[in-house]
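First the structure, in the form of structure tokens, and then the observations on it.
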Amino acid sequence: MLGTRYALRASRGSWRLIYPALILAAGQAHAPFAAQAPLGTQEPREARVRRADQASPGRQPATFDLDEATLADLQQRMEAGRDTSRSLVEKYLRRIDAIDRSGPMLHSVIEVNPDALAIADRLDGERKAGRRRGPLHGVPVLIKDNIATADRMMTTAGSLALAGVTPPRDAFIAARLRQAGAVILGKTNLSEWANFRSTHSTSGWSGRGGLARNPYALDRNASGSSSGSGAAIAANLAAVAVGTETDGSIVSPSNANGLVGIKPTLGLVSRAGIVPIAQSQDTAGPMARTVADAAAVLGELAGVDPDDPATRRSATKGVRDSTPVDYTRFLDATALRGARLGVVRNRLFGASPAADRLTEAAIGDMKKAGAVIVDPANITTLGQFDETEFDVLLYEFKAGMAKYLTWLGAASPVHSLKDIIAFNEAHAAEEMPYFGQEIMMMAETKGPLTDPKYLAALAKNHRLSQSLGIDAVMMKYRLDALVAPTGGPAWLIDLVNGDSGTASAPGPSTVTAVAGYPHITVPAGFFRGLPVGVSFFGRAWSEPTLIKIAYAYEQSTRHRRPPTFRASADLADR
């Protein structure tokens with residue numbers, strides 16, 4: 001669930017071609033979508049790599065009548081009889097076939113749900129009978145391939161090591177989506193193991209799914225680790241998606257793909273049933289084309305879960321285990337008027353001139369809309385907990401992975417981080433064609449979560465990011481939110497050296513991730529045809545305020561525009 005801060009990634013072909021025996025053993029219940037060649041055939045490895053990992057603009061997609069459709073649009077279409085849930089699923093499946101497995105070949109969807117049409121039919125029956133569950137009723141959504149579903153899809157975190165394994169039950173948030181009436185259309189590709197494998201990885205690559213591409217320029221990275229969620233929703237392959245984040249993995253791909261991404265306060269959304277990195281930072285959150293849609297999905301995801309003790313804190317904020325929170329009630333187009341916004345300049349500006357320029361313009365737009373701008377409002381502790389953050393993640397990854405694999409039970413072929421490392425070594429041609437597993441090997445050397453070194457690092461991180469960090473600057477200047485560039489434009493895909501450019505530049509995702517505080521990114525404009533976002537972040541449980549401010553900014557600027565699947569960046573666009 002990391003962005004590209006600690007790991008740099010790469011790409012490969014369809015795992016169905018590589019491991020026909022494994023898939024046959026798993027049975028037809030786990031068939032990945034639109035394989036590139038018939039099951040059991042083996043084309044030369046070089047041809048597989050060339051087809052799946054090299055950029056190819058392909059043919060341009062045909063006009064799509066659901067382009068940029070919002071949740072409200074889709075509900076109106078179903079209420080008016082123009083569409084049914086079944087017809088929406090069929091349209092998005094055809095779109096996935098045209099965009100993801102042919103044409104631009106985004107490789108953003110790792111698998112589609114073989115039961116999607118049957119689920120849509122049941123939800124259409126409910127609507128016909130007068131029952132409408134809420135804003136997601138009958139709507140096709142995508143979820144990241146590290147979110148467990150106990151159905152005929154797999155949950156692999158992009159790794160062949162978990163191919164064919166059925167989790168014992170849905171992740172809490174997958175169950176919440178089903179209760180809300182959503183059709184889980186499929187799973188999205190990701191940076192394998194949520195980008196916690198190698199220091200020289202290429203974001204968006206997984207052994208199972210190959211390389212996800214950026215729909216704004218096919219030779220550019222979709223960022224990660226929620227790469228497929230970002231690329232798929234930008235390309236209108238579904239209405240909304242759910243990503244996960246440990247440090248940057250929702251907001252970074254949202255930034256790179258022109259989306260709204262919400263990384264919520266730790267404990268607002270359950271992590272139970274999600275392949276983990278770190279219990280002190282992991283969370284899930286929505287990725288959407290509008291703030292309104294992201295807010296609606298966040299409300300359906302939030303809930304108190306007895307299997308995730310961190311969610312108990314959300315009960316004091318009005319969150320319940322069964323009743324959705326309506327964050328759409330905070331959508332206020334006038335919310336910038338009188339809002340006190342602090343600009344965090346230290347460390348968060350300077351990495352990308354384009355992002356800096358667009359953020360300066362965004363700050364100007366906020367001021368015109370009536371915001372009170374406090375500039376600078378620096379967080380003096382930034383940069384003082386980077387090394388200890390990584391150390392904490394190493395400890396928690398080893399412990400969390402052991403717990404998750406135990407939850408999977410005997411059906412899992414791997415039962416520890418050590419087993420995963422051994423699997424990768426035994427299947428290096430499929431799992432490590434471009435980069436290794438240095439981070440996993442570092443994590444394997446760590447001790448238990450009772451280690452005094454771990455406990456001291458965790459306490460330091462929380463102190464510097466919370467009371468001496470975000471809380472201190474917001475209290476000092478009486479701020480409603482903080483503002484900074486989310487990140488720079490998408491960098492070029494590089495399977496030789498791994499991620500480069502602005503991939504590892506400091507961003508606001510780190511302080512919010514370490515603190516466990518909320519963070520929203522919203523499109524702020526384009527450079528060379530590539531999207532750039534602006535971030536709004538603040539204290540714990542300040543989602544209502546951030547949603548208000550983000551919505552008001554979005555409505556006053558409306559920078560989002562759909563991709564055109566160019567082969568490369570538009571150098572004429574300044």
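Bear in mind these aren't lab numbers, they're just calculated from the coordinates by the rules spelled out. Since we're looking at a predicted model, the values are computed, not measured. Using ideal geometry, Cβ is built from the backbone for each residue, glycine included, and neighbour counts are taken over all protein chains shown.
Here is how the numbers come out for the structure above:
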| read-out | value |
| --- | --- |
| Listed peptides 95-101, 326-332 by packing density, highest first (mean Cβ within 10 Å) | 95-101, 326-332 |
| Exposure proxy order (Cβ contacts within 10 Å, fewest to most) of Phe390, Phe527, Phe397 | Phe390, Phe527, Phe397 |
| Calculated P(r) of the chain - Cα pairs past 48 Å, % | 4 percent |
| Charge dipole (debye, nearest 20) of region 15-557; +1 at Cβ of Lys and Arg, -1 at Cβ of Asp and Glu | 940 debye |
| Arg131 paired with Arg169, simple spin-label distance in nm, labels 7 Å along Cα-to-beta-carbon | 2.1 nm |
| Highest-first arrangement of 307-319, 459-471, 178-190, where packing means the average Cβ count within 10 Å | 178-190, 459-471, 307-319 |
| Exposure proxy order (Cβ contacts within 10 Å, fewest to most) of Ser509, Ser203 | Ser509, Ser203 |
| Potential lengthening between Arg478 and Arg122 on full extension [0.36 nm per residue; Cα-Cα distance subtracted] | 123.1 nm |
| Sorted by Cβ neighbour density within 10 Å, fewest at the top, the residues Tyr454, Tyr551 | Tyr454, Tyr551 |
| Interchain or long-range residues, amide H under 5 Å from Ala335's placed H | Ala552 |
| Peptide ranges 163-176, 230-243 listed from the most packed, as the mean C-beta count within 10 angstrom indicates | 230-243, 163-176 |
| Aspartates and glutamates with Cα under 12 Å of Lys263, excluding same-chain neighbours fewer than 8 positions away | Glu245, Asp247, Asp282, Glu543 |
| Inter-probe distance in nm under a simple model that places probes 7 Å from Cα toward Cβ, at Glu360 and Ile373 | 1.0 nm |
